[in-house]
Amino acid sequence: MAITRADVEKVSLLARLQLSETEIETLTVELGKIVAYVDQLSEVDTDGVAPMAHAVEVSNVFASDEVKTSLPREQALANAPSHNPRGYLVPPVLGG
Amino acid sequence: MSQTYTTIIGLEVHVQLATDSKLFCGCSTQFGAEPNTQTCPVCIGMPGSLPVMNREAYDLSLKTAVAVNCEIPEFTKWDRKQYFYPDLPKGYQISQYDLPMSANGYLEIHDEKDRFEPKRVRITRAHLEEDAGKSVHDEQAGTADSEIDLNRTGTPLLEIVSEPDMRSSAEARAYLSELKLLLTYLGVSDCNMQEGSLRVDANVNLHLDTDEGKVATPIVEIKNMNSFRAVERALDYEAQRQFRVWQETGKKIGDSPKQTRGWDDAAGITRGQRSKEESSDYRYFPDPDLVPIIVTSEQIQEVKDALGELPADFRNRLIREFGLSSYDTDVLVNQGREVVDYFLEVAEHCDDAKAACNWVTQEVLRALKERESIISEFAISATNLAGLIQAIVEGKLPKTRAKDAFELMMVDGIDVASTVDRLGIEQVDESALESLCQELLDANPKIVADVQSGKPQAVGALIGQAKKRNPNVDPGRVREICLKLAQQE
C-alpha cells in the first residue's frame, strides 16, 4: 500500500500540522517506508484467527466509584501555553 | 412537483450517568464547581497517566441498555476517536466504535392526545464514552481568547442512538419524554438539560413523492437544542427549510455532504455549521490503555431481574389493577416514580382507587405546583389522604367539606379525624335535615308553588340557604328532601 502525497496532505490537515512543500515530499517517502514495513504483517496467514482487541489477555478491570482528590488548579494549568487564574486560554473558539 | 413530504427523524441522545466520579479517574462529576478544580493527570491527558473503568458507570449503562431492550454482546471494548478541539485535551475521545456495549433495542412511544399511532422506535445502539470540556467565549470582548474549563472532561456519557423511525416533531418529543422518564425511573441520570445531563442531536431529512419517484433530501444534523420544546421547534423549522431548499435547488441526498446546523432558539432558525467530517476521519482504533469487558448471560439476567417496574409496567398495572383510564395513568406515571408510589399507597389504604387517582392528579398535583414543591415534601401523607377519601366513602365527611378538610390537612399535617373535629363537621341526622328543609319550605311558599307547578329547579335557591344554616348538610340530600316535602304539601 503506497502512501501518496494526497494521503499526507489529508493526514496533516486532520492532525492540524502545517507542512512545507519539502516536508510533504520527505514525509510521503518516509511514511511510505513505515507503512511498507508494517505491511509485512499482511503476509501472515490469519484465516480462522479471531481479531484481537487488546495485546494482553486481561478483561474487566474496574475502579470503584469514589471521588479522589483532584489536582490543585495552579498545577493543572501550569503547563498551558496561556492561562488566566481560572482556565486555559486558547484562540477564539466559535460555533462549537 | 409534489407538495407533500414525510419528515424522517433519528435522534442521538447523550445522557450523563449519575456517578460520583468520572469515567476513567477519581475526579468529582459535581456540576457547578469552580472552573478547572475537578481535573487530574488522567482526565487532562498528561503523558504516562492510565485510565481505569468506573464500575458504577458501566453498571448504570448496562441497566439502561437492558431497559431499552438492547442486546448486550458478551464482549465490548474501548476505542479512541481522534479529533482536534481545544476542549479535548488528549486529542482523542475515549468512546466505543465497532463493538459497543449494546445494540438493537427499542422504545415504545404513544401520545396522550392520540396525535399519532403508538409505535416502536428502534434503538441502533447505546455506548459509553467520555465527555469533553467546555469553552467559554467572551462575545463582548470580540477577539479575546476563549477560556477552557476541563471539569466536565471525562464525565461518563451514554450515547443512545435511534434509528430514523420518527415521522414528526411530536413523535420525536414523545420519544424524548419517554426516554427521559425511563432514565429517571431507573435513577441512572438526573436528566437535567440545563446542566447538560441530557443532550439531544437530531438527524433529519425529507422523503418526497415526485413524478420521478421517491426522492430524499440531504441529511442535516441539528445541534444546540436546549429543551424538548426547542427540539420540536427546530425539527419543524428544519423540515420546512429543507422543503424550500429542495424546491429551489432540487438537491437530493448524495448531492451534498451531510450538514451540521445549529439551532438558534431566540431567532427560531437553524444555521449552518462546519460540514461533518467523514466517520473515517476520526481514525478510530482500539484504546491500548483500557482492557475489554466480558459480560455473561447470567450477569445480564441479574440486571434484568433487578430493573423493577418501569413506566410501561406501571401504566399497564394501573389500568389493570385499578381500572384507571389511560389518560389518568399517563398523568400519574409521567409525574415520576414518587408520585406513582404515593398514589399506590393512597389506593392501598382506601376503598376507592378512582377517587384516589382524582385526588392525586387534581388536588395534590395542583397544590404541589402552587407551592413549587415535590411529593416527598408534601404535608399530607399517603395514609392521611387515604383516610380523607375513606371518610368520604363512609359518609363521615360530606363531599362538600372535603376540599376544606384537604386544605386544613395540608396546612397542619393532621389526620382526617382531627380535621373533622377542627372543622366542626358532624353528620347531620335525617330528622334534623328534614326539619331544616321543612322550615325553609315554610318560609318560601313561592318556591313550593313553583315546584308543584313543575319547576323542580326552583329548590336550588334553598340549597344555599340550607348550607348557611348548617355547613355540614349534603346539598344533594337537601334537594331530594325539599322536592319530596314540597310535592307532599
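The values are calculated or read from the model by the stated rules, or taken from the named source; none is laboratory data. This structure is a prediction, so every number in the text was calculated from the model and none was measured. Note that each Cβ is placed from the backbone with ideal geometry, even for glycine, and that neighbours are counted across all protein chains shown. With ligands, DNA and RNA removed, areas are computed over all heavy atoms of the protein, side chains included. Shrake-Rupley method; radii C 1.70, N 1.55, O 1.52, S 1.80 Å.
Open to solvent by 50 Å² or more (accessible area, probe 1.4 Å), of a type outside the set (Ser, Thr, Tyr) and in contact with a Ser or Thr (Cβ under 6 Å, 6 or more places away or on another chain) - does that describe any residue in the stretch B:19-37?
no
Looking only at residues that are open to solvent by less than 20 Å² (accessible area, probe 1.4 Å) and assigned to a loop (DSSP other than H, G, I, E, B) in the stretch B:88-103, which one is nearest to the other protein chains (Cβ to nearest Cβ)?
Only one residue fits best here, namely B:Gly91.
Given the options B:Gln465, B:Gln487, B:Gln457, B:Gln452, name the one that is touching an Asp or Glu at 6+ places or on another chain (Cβ under 8 Å), open to solvent by 70 Å² or more (accessible area, probe 1.4 Å) and not aromatic (Phe, Trp, Tyr).
Every option except B:Gln452 fails the conditions.
Among the residues of the stretch B:185-196, are any among the charged types (D, E, K, R), within 14 Å of chain A (Cβ to nearest Cβ), outside any strand (DSSP E or B) and within 30 Å of A:Leu89 (Cα to Cα)?
The answer is no; no qualifying residue exists.
Hey, can you tell me all the residues within the stretch B:31-79 that are more than 10 Å from every other protein chain (Cβ to nearest Cβ) and either in a helix (DSSP H, G or I) or within 19 Å of B:Tyr97 (Cβ to Cβ) (or both)?
Listed by number, the residues that qualify are B:Ser61, B:Leu62, B:Lys63, B:Thr64, B:Ala65, B:Val66, B:Ala67, B:Cys70, B:Glu71, B:Ile72, B:Pro73, B:Glu74.
Checking B:Asp111 against (1) more than 25 Å from B:Phe24 (Cα to Cα); (2) touching a Pro at 6+ places or on another chain (Cβ under 9 Å); (3) open to solvent by less than 10 Å² (accessible area, probe 1.4 Å): exactly one of these is not met. Which one?
Going through (1) more than 25 Å from B:Phe24 (Cα to Cα); (2) touching a Pro at 6+ places or on another chain (Cβ under 9 Å); (3) open to solvent by less than 10 Å² (accessible area, probe 1.4 Å) one by one, B:Asp111 breaks only (3).
Is there any pair with a first residue in the stretch A:56-80 that is facing chain B (nearest Cβ under 8 Å) and a second that is in a loop (DSSP other than H, G, I, E, B) and open to solvent by 40 Å² or more (accessible area, probe 1.4 Å) whose Cβ atoms are under 6 Å apart and which are 6 or more apart or on different chains, and what are they?
A:Ala63/B:Val52; A:Asp65/B:Asp20; A:Val67/B:Asp20; A:Arg73/B:Thr37
On the given criteria, is B:Arg199 assigned to a strand (DSSP E or B) and modelled with pLDDT of 95 or more?
yes
Restricting attention to the stretch A:65-87, report how many residues are over 17 Å from B:Met46 (Cβ atoms) and touching a helix residue (DSSP H, G or I) at 6+ places or on another chain (Cβ under 6 Å).
1
Go through (1) in contact (Cβ under 8 Å) with a residue 24 or more places away in the chain; (2) crowded, with 18+ Cβ neighbours inside 10 Å for B:Cys40 and report which single condition fails.
(1)
Which ones in the stretch B:2-30 are closer than 21 Å to B:His127 by Cα and either more than 11 Å from chain A (Cβ to nearest Cβ) or at pLDDT below 95 (or both)?
B:Ile9, B:Gly10, B:Leu11, B:Glu12, B:Val13, B:His14, B:Val15, B:Gln16
Quickly run through the stretch B:395-417 and pick out the residues that are more than 34 Å from the chain's Cα centre (by Cα) and either of a type in the set (D, E, K, R) or surrounded by 14 or more Cβ atoms within 10 Å (Cβ to Cβ) (or both).
Correct list: B:Lys396, B:Leu397, B:Pro398, B:Thr400, B:Arg401.
In the stretch B:230-245, what count of residues is obtained for those that are open to solvent by 20 Å² or more (accessible area, probe 1.4 Å) and either of a type in the set (A, V, I, L, M, F, W, C) or free of Cβ contacts under 8 Å to residues at least 40 places away in the same chain (or both)?
6
This table checks each residue for (1) within 24 Å of B:Lys90 (Cα to Cα); (2) more than 14 Å from every other protein chain (Cβ to nearest Cβ); (3) not hydroxyl-bearing (Ser, Thr, Tyr).
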| residue | (1), (2), (3) |
| --- | --- |
| A:Leu19 | yes, yes, yes |
| A:Thr26 | no, yes, no |
| A:Pro51 | no, no, yes |
| A:His83 | yes, no, yes |
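Can you confirm whether B:Gln487 is at pLDDT 85 or above and in a helix (DSSP H, G or I)?
So B:Gln487 fails the test.
Among the residues of the stretch B:424-449, which ones are open to solvent by 30 Å² or more (accessible area, probe 1.4 Å) and of a type in the set (A, V, I, L, M)?
If the condition is that a residue be open to solvent by 30 Å² or more (accessible area, probe 1.4 Å) and of a type in the set (A, V, I, L, M), then B:Val428, B:Ala432, B:Ala443, B:Ala449 are the ones that fit.
How about the stretch B:130-185: which of its residues are touching a residue at least 60 places away in the same chain (Cβ under 8 Å), closer than 30 Å to A:Gln75 by Cβ and of a type in the set (Asp, Glu)?
Those that are touching a residue at least 60 places away in the same chain (Cβ under 8 Å), closer than 30 Å to A:Gln75 by Cβ and of a type in the set (Asp, Glu): B:Glu130, B:Asp131, B:Glu147, B:Asp149.
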